[in-house]
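These notes concern the structure reproduced below.
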Amino acid sequence: MKNYLNMKTIFGSMILVIAFAIPSLSLAQTSTSTGRSNVITESMNEADIKAIRNIRKFINEQKFDRAVSRANRIIRGEERKSRAGDSYSEFYKEAYNCVCVSLTGLGKVDDAMEACNTSLELTPTHWESLKTRATLYYMQQDFPKSLDDFTMALENAPDDAGVTDVLKQNIGVVKSKIE
């Protein structure tokens, strides 16, 4: 009898897991989120979204060299398309943001600044590129520019308390350096 109850409990638990997990998994697979960024992904196809997610994974794992390499591959491919008459896609713009973040992680300040500026030329209100460039300005001890970028990043950040709290904290730190 005891064995029967254990089997019944195990079987019931499996049914609950299946009932709740399958819908969650299908929602996760159709999500257009590419990670931390609030890039508009409606114009990106599933392969583009997957490529950006993989780059984000490398960034989160601090494998910045691999992230830069993959993002640069995307950039080169998109530039070939643009020479053929196509305009730059959201995919291209997000790839530049990933280069910006990754080069900052590698401590390559000048190259990262160039990538951040390019990202912001393409998408002037991209909060993550603004945040990263603000960090670069902070590293260069250009506190007024750092404060400006952190403030703009906060104005354009997604409605996410974790993101806005960090940006507010960064603004406080930079203000303390100016005063």
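Bear in mind these aren't lab numbers, they're just calculated from the coordinates by the rules spelled out. Computed from a predicted structure; not experimentally measured.
Numbers at a glance
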{"read-out": "Calculated from backbone phi, Karplus (6.51, -1.76, 1.60) coupling profile of segment 164-174 in Hz, x at Gly/Pro", "value": "5, 4, 5, 4, 4, 5, 4, 4, x, 5, 5"}
{"read-out": "20 Å Cα-Cα threshold exceeded, pairs from Lys63/Lys168; Lys93/Lys131; Lys145/Lys177; Lys50/Lys131", "value": "Lys63/Lys168; Lys50/Lys131"}
{"read-out": "Per-residue HN-Hα couplings for segment 151-157 [Karplus 6.51, -1.76, 1.60; θ = phi - 60°; Hz; x = Gly/Pro]", "value": "5, 5, 4, 4, 4, 10, 5"}
{"read-out": "With eigenvalues of the C-alpha gyration tensor scaled by 5 and rooted, segment 57-155, Å", "value": "23, 16, 10"}
